[in-house]
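One structure is given below, represented as C-alpha cells, and several questions about it will come after.
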Amino acid sequence: MSNTSKTTKDITFEDFKAEVLSDYKIAVTSRECSLLGRREVLTGKAKFGIFGDGKEVPQLAMAKAFKNGDFRSGYYRDQTFMMAIGALNIQQFFAGLYGHTDIAEEPMSAGRQMGGHFATHSLNEDGSWKNLTQQKNSSADISPTAGQMPRLLGLAQASKIYREVKGIDTEKFSVNGDEIAWGTIGNASTSEGLFFETINAAGVLQVPMVMNVWDDEYGISVHAKHQTTKENISEILKGFQRDEENNGYEIFRVKGWDYPNLVDVYQRAAIVARKEHCPVLIHVNELTQPQGHSTSGSHERYKSKERLAWEVEFDCMSKMRQWMIENNIFTDEEAKAIEKDIQKQVRKGKQAAWTAFVKPQKEEQIEAVAVLKAAAVNSSNKAFIEKLANELEVIKEPIRKEILIATRKALRYLTTETSETKTALIIWIAGYKAKIQPKYSANLYSESNLRADNINAEAPKYNDDAEMVDARLIMRDNFDAIFTKYPESLIFGEDAGHIGDVNQGLEGMQEKYGELRVSDTGIREATILGQGIGMAMRGLRPIAEIQYLDYILYSLQIMSDDLATLQYRTNGKQKAPVIIRTRGHRLEGIWHSGSQMGGLIHLLRGIHLLVPRNMTKAAGFYNTLLEGDEPAVVVECLNGYRLKEKMPANLGEFKTPIGVTETVKEGADITLVSYGSTLRIVEETAKELAQVGIDAEVIDIQSLLPFDINHDIVKSVQKTNRLLVIDEDVPGGASAYILQEIVEKQNAYKFLDSKPQTLAAKEHRPAYGTDGDYFSKPSAEDIFEKVYDMMHEANPAKFPALF
Ligand SMILES: Cc1ncc(C[n+]2csc(CCOP(=O)(O)OP(=O)(O)O)c2C)c(N)n1
Ligand SMILES: [Mg+2]
C-alpha cells in the first residue's frame, strides 16, 4: 500500500490520476478502519480506541515527501501515514486494537501499547541494526503529549552529524545526512514545554526536522482559546522564521483538507530540510475529528452545532473526494464503487485479525480444560474442579487471564491429594506461565549478546611509574581514548564544549574533536536527553551530559516515559543506547547535593543506573557501556574530581562490570553496604571501627540497576550475620530498595543475627554548607555509632553502651 514520491510536475495526467487514486484508497482504508475500530471498542472486543480520522489527507502528503532513511516521531493520529509508507495494513491495525501479543501479527508493539502507537523495526532478531537507510522508519510512539518531541531533535541531529563528521561508518544509518526527521503533534499538545524547548533547540542546532502540527482546534474538549496564544501556533512562532541575516525556520501554514496544496507544501518543505538542514514548521489547520477524540467520550458534549456542521462540511476526506470529482479523477459513481470495495476489505481484514487473535487462546483453552478434567477425575473435590473446567470450556473467546484463573484455582482443591493428574496440572500451569509471561515482560532490558551485564570486566593496568593525579584527568584522558576509538561517539551538555565541562573532565576535547562531537548546549535538560535518545536510535553513540544530578529531574520524565520503555514497548525492535553522564552526591545545598536515587531507581527500570565511587570506576563504566547496546545513567562523584587517583595505562580499555559489587574491605563482624561518595566515608569509618575491635566488611554496590547479579552481598552476610545499608538518599529511598534486594531476593534474612538496618539521610533536602551536610546526611560519627550500637546489642560485655 506504500506510495511513491513523484511530484506533480514530472508526470502525465494518467500517472497523476493513478497516484491520487492510490492516495484516496489509502485514506478511505484508514477512515474505514477508524469507523470499524470504534465499533470494535463499543462492542467490547477491544478496550480502547484512538484513531486517525479527520487527519488523513495531510498524512498522504507527508508520506509522499518521506523517503527511505527518514524517521517519524509522532503521535496517535498517524495511522494513515503509517499505511501510506507501507508500515501498517488493515489486519495489523486491528491486531493492535485487540492487543495481539505476536510481533508478527502486531508489529507496532506486540500488543504492549494501545492501538494508535506506531513503530517500525530497527533491529534484527539478534538485536543488531537493520539497514535503516533502506526502509522508512518510525520511532516508537509514547502516550504523554509532546513526549515525542525531545527524541525528534536527536533523530534530526543525527543527519547533521552523519553529514559533517568524518570517519563514521554510516552504511546502515545515513546517506550523506540527507534524512529528515518528521515530527507530528496535535495543536493542543504544543502547549507543553517540551514542544517549545524542542522548537528552540532545533532552530539553534539547524537540523533537518519537519514539525507538523495537526490542528483541529481541540485537545479533547478544551478549545484552542485555552491552549494557544492567538489560537494560532504558526502565528506566534513567526519570530522563528529565518531571514537573510539569521538562521531559523521555514514556516508553512496550509489547510488540512486542501490536497493539492498539501502535496505542494510538503514537497517544498522536504527540499529545504533535506538540502539545507533547516528546520521547518508546517501548521496544518482546519482539521476535524469526525468521531470525536477517542472511544472514551463523545464530542457532541462540547462542540457547538455550528462547529459540528462545519466539521462535516470540511472533513478532509469529503473535500478531497470533491476535488477529485471536479478534476475528473473519478466520478461519484466510481468513488462509491471504490469505497464499497474498501469497506469490504476492511471488514475482511478485521475478521482475519480477530480470528488470528483468538486462535492461540482457544488452543490453550482446550489444553487447560483437558488437564483440569483429568485432575478432577480421581479427586475428592471432583465436582468443584469440573465446574471450573466447564466454566472455562464454555467461554467462546477466552483470554489468558480466564485460563489461569481456572487452572490456578483448581489447585486449591487438590492441596491434600497426590496424583499424576495433579502433578500434570502443576506442570502445565508452570509451563504455561513460562511461555506466556515473556509476552508481557520480555525485553525491558536488552536480550542481545551486547547487553551490558554480558560485557566482561577488564582491570585497569598501571605502569610502574604510574602517577597519582587529579582524578578528573583520568576522566579526560579516558574520554580522549573513547573519542579516538569510537568515531560515532559524541558528548554534549551545558558547558561540556568550550570549557570542557564544569569539572574539566573534557578539557581540550573540543579543540581536538571539533564542535560537533564535543558541544555546548543550551540549558534544556529534557532535549539534551532527547538529542541522546534520537541519535542513539540512529546508530550513533551519544553521551548526554546532565550537569548536576539535581537537575536530572527536568529530563526525568522523558528518561522514564521514553528511554526506559523503548526496548520494552517495541518488544526489542528499537534501541537507544545513550549514556547519560551526570555528577552528584555530597556537595552542599538543597540543589547541589542531590541523591534522589530512590526516585531514579523506581522510575528508570529499563535503564542501568551506575554509581561509581571514583573516576577510574566511572571511566571503566563508560568503556563497558560503549561495548554494549543499552542505555545507562552514570553518576560521577561531584566531590571526587580533585582527589588523587593513579593514572591507568590502558585508557579506553579497562572496564568496570555492570551489576557487580566490589568488596573494598574484608571483615568478619558486620557487612556495611553503600555506594558513591558515601562509600568513602564508610571506608574511613571502618578504620575507626577497627580501632575499637569491630571488623567491618565494606561492600561497594557500584551498580544500583542491575543490582548485585552474582548475589555476592548475601555471601558476606552469611559470614558476618549482620547488615547495615548506608545511603545518602531519604529514609525509605534507595536504602529500602537495597534492603529488599539483599534480605528478600538474596534471602539474607536466613543468616541474620541482628535486625537488618538502614542509615539514610534526613527526610529534608540537605542544608547548605559543611554543617548543613553534617546535619543532613549520614556522617562518619552516625555510621560509627550505628554500627557500634548494633554490636553492643549483640555483645554488650564487649561493646559497652556509648551513651
Ligand atoms: C502529558 C499528558 N497529559 C494529558 C494527556 C491526556 N491527553 C491525551 S490526548 C490529549 C489531547 C491532545 O490534543 P491534541 O494535541 O490537540 O491532539 P488531538 O487529539 O486533538 O489530535 C490529552 C489531554 C496525555 N496523554 N499526556
Ligand atoms: Mg487537537
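In this structure, is Asp773 modelled with pLDDT under 95, assigned to a helix (DSSP H, G or I) and closer than 25 Å to Ser593 by Cα? Spell out the reasoning first.
On the way: modelled with pLDDT under 95: yes; assigned to a helix (DSSP H, G or I): yes; closer than 25 Å to Ser593 by Cα: yes.
Answer is yes for this residue.
Scan the stretch 151-193 for residues that are closer than 18 Å to Ile558 by Cα, away from ligand 2 (no atom under 16 Å from the Cβ) and of a type in the set (Gly, Ala, Ser) and jot them down.
Gly154, Ala156, Gly193
Looking at (1) assigned to a helix (DSSP H, G or I); (2) of a type in the set (A, V, I, L, M, F, W, C); (3) more than 22 Å from Gly572 (Cβ to Cβ), which is the one condition that is false for Leu490?
Looking at each condition in turn, Leu490 falls short on (1).
Moving to a separate point now. Given the structure, is Gly96 at negative phi, within 16 Å of ligand 2 (Cβ to nearest atom) and of a type in the set (Gly, Ala, Ser)?
In short, no.
Matching residues to (1) in a strand (DSSP E or B); (2) away from ligand 2 (no atom under 14 Å from the Cβ); (3) of a type outside the set (A, V, I, L, M, F, W, C):
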{"site": "Arg274", "(1), (2), (3)": "no, yes, yes"}
{"site": "Leu287", "(1), (2), (3)": "no, no, no"}
{"site": "Pro290", "(1), (2), (3)": "no, no, yes"}
{"site": "Glu306", "(1), (2), (3)": "no, yes, yes"}
{"site": "Met320", "(1), (2), (3)": "no, yes, no"}
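Now a separate question. Just checking, which of Ile185, Ile199 is near ligand 1 (Cβ under 9 Å from one of its atoms), within 24 Å of the chain's Cα centre (by Cα) and not small (Gly, Ala, Ser)?
Details: Ile199 fails: near ligand 1 (Cβ under 9 Å from one of its atoms).
Just one listed residue meets the conditions, Ile185.
Would you mention how many residues in the stretch 563-614 are closer than 21 Å to Ser143 by Cβ, among the polar types (S, T, N, Q) and in a loop (DSSP other than H, G, I, E, B)?
4
Tally up the residues in the stretch 45-72 that are farther than 21 Å from Leu155 by Cβ, surrounded by 24 or more Cβ atoms within 10 Å (Cβ to Cβ) and away from ligand 1 (no atom under 13 Å from the Cβ), please.
2
Within the stretch 402-410, identify whether any single residue is surrounded by fewer than 13 Cβ atoms within 10 Å (Cβ to Cβ) and out of contact with any strand residue (DSSP E or B) (no Cβ under 6 Å at 6 or more places or on another chain), and answer yes or no. Reasoning before the result, please.
Here is the first cut: in the stretch 402-410, the ones surrounded by fewer than 13 Cβ atoms within 10 Å (Cβ to Cβ) are none.
Checked the stretch 402-410: no residue is surrounded by fewer than 13 Cβ atoms within 10 Å (Cβ to Cβ) and out of contact with any strand residue (DSSP E or B) (no Cβ under 6 Å at 6 or more places or on another chain).
Further question on the same structure: Name the residues in the stretch 227-270 that are among the hydrophobic types (A, V, I, L, M, F, W, C), more than 31 Å from the chain's Cα centre (by Cα) and over 19 Å from Glu217 (Cβ atoms), would you?
Val263, Val265
What is the one condition in (1) hydrophobic (A, V, I, L, M, F, W, C); (2) more than 16 Å from ligand 2 (Cβ to nearest atom); (3) part of a helix (DSSP H, G or I) that Ile251 does not satisfy?
(3)
In the stretch 210-220, is there at least one residue being away from ligand 2 (no atom under 16 Å from the Cβ), touching a strand residue (DSSP E or B) at 6+ places or on another chain (Cβ under 7 Å) and more than 30 Å from Ser304 (Cβ to Cβ)? Break it down into steps so the answer makes sense when it comes.
First pass over the stretch 210-220, keeping only residues away from ligand 2 (no atom under 16 Å from the Cβ): 210.
When the remaining residues are screened for being touching a strand residue (DSSP E or B) at 6+ places or on another chain (Cβ under 7 Å), the result is 210.
Right, trim to more than 30 Å from Ser304 (Cβ to Cβ) and you get 210.
Yes, the stretch 210-220 contains a residue that is away from ligand 2 (no atom under 16 Å from the Cβ), touching a strand residue (DSSP E or B) at 6+ places or on another chain (Cβ under 7 Å) and more than 30 Å from Ser304 (Cβ to Cβ).
Test of understanding: among Glu515, Glu458, Glu507, which residue is among the charged types (D, E, K, R), buried (at least 18 other Cβ atoms within 10 Å of the Cβ) and at negative phi?
Values: Glu515 fails: buried (at least 18 other Cβ atoms within 10 Å of the Cβ); Glu458 fails: buried (at least 18 other Cβ atoms within 10 Å of the Cβ).
Of the residues listed, the single one that is among the charged types (D, E, K, R), buried (at least 18 other Cβ atoms within 10 Å of the Cβ) and at negative phi is Glu507.
Inspect all residues belonging to the stretch 663-674 and state whether any of them is under 30 Å from Ser446 (Cβ atoms) and in contact with a His (Cβ under 6 Å, 6 or more places away or on another chain). Write out each step before concluding.
We begin by selecting, within the stretch 663-674, every residue under 30 Å from Ser446 (Cβ atoms); these are 663-664, 673-674.
Narrowing further to those that are in contact with a His (Cβ under 6 Å, 6 or more places away or on another chain): none.
Within the stretch 663-674, none of the residues are under 30 Å from Ser446 (Cβ atoms) and in contact with a His (Cβ under 6 Å, 6 or more places away or on another chain).
Taking the condition out of contact with any Gly (no Cβ under 6 Å at 6 or more places or on another chain) and aromatic (Phe, Trp, Tyr), does Phe654 pass?
On the way: out of contact with any Gly (no Cβ under 6 Å at 6 or more places or on another chain): no; aromatic (Phe, Trp, Tyr): yes.
Criteria not met by Phe654.
The values are calculated or read from the model by the stated rules, or taken from the named source; none is laboratory data. What you see is a predicted model; the values in this text were computed from it and never measured. Cβ atoms come from the backbone with ideal geometry, glycine included; neighbour counts cover every protein chain shown.
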